[in-house]
Amino acid sequence: MTDRETFLERVRERRRQQYPFPVSDLPKPVEVSVLEDDVPASELIDHFARMLEDVGGRVIRVSDGKAAREWLAGFVTERGMERAVITRDVLGDDWSSALADAGLAVTLPPAGDTVGHAAGEAFRRACIDADVGVTGADFAVADTGTLALLARSGSPRTASLLPPVHVAVIHADQFVANLPALIDRLRGGAWRDGLPSAMTLITGPSRTGDIEQTLSVGVHGPGEVYVVVLLGHGETQGGVEWVHRWRENG
């Protein structure tokens, strides 16, 4: 029997089997409540964390960029990681240095609006080989625990899609209640000068159940997603200090 025939026979056998649970025992549909737009930022972050953790992600709350970099350095060291890719969107030289000081080989995407094929392919290969991809995020949707990343120069999607671990860094004031609120923010700011080439929505680790209805994590994207929330406002590359709380919340 060929591999194709073996595969098809397994599918046929699955279809012949009765569903293992009576219909009465199936879980009831989850009611999704849309958060109101005027929810305080602290509640948005709390709700986002619950929703993300329900699908296997994790939220780390820190006071500022310096605390985030310290957490990141400790995280990659504890995991024994060796290679990282990092985007240029909201992450400056301090972030690359933190990873390099932890002993990782760090690769940044090519700079500039026009990137040659060879340079783009080299970064894609670096993403495939990386242990972790570190990116910024434009918004976080609390209602679903979803990150929104806009495509732009220096921030290719491959950094969040190809490494097995994705670490996203975001500020507390970038949280919105729901998807309509996200669209309103985009219309009022990021889209005023034109649409981006793409917007990526990420809700936890990659999941697929298209083969025999068996759920697999990390097949078509990262198997682990960590969202680092900077509780202060406006700091992207260091230089502003707030109360150091990351050890309490991390």
What spacing in nm lies between the two simple spin-label points modelled at VAL217 and ASP38, each 7 Å away from Cα in the Cβ direction?
-> 3.9
Given labels modelled 7 Å from the Cα in the Cβ direction, how far is it in nm from GLU70 to ILE128?
-> 3.9
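FYI, it's all coordinate maths here, none of it is from the lab. Bear in mind that the values here come from a model prediction, so they are computed numbers and not experimental data. So basically every Cβ, Gly included, is an ideal-geometry build from the backbone, and we count neighbours across all protein chains shown.
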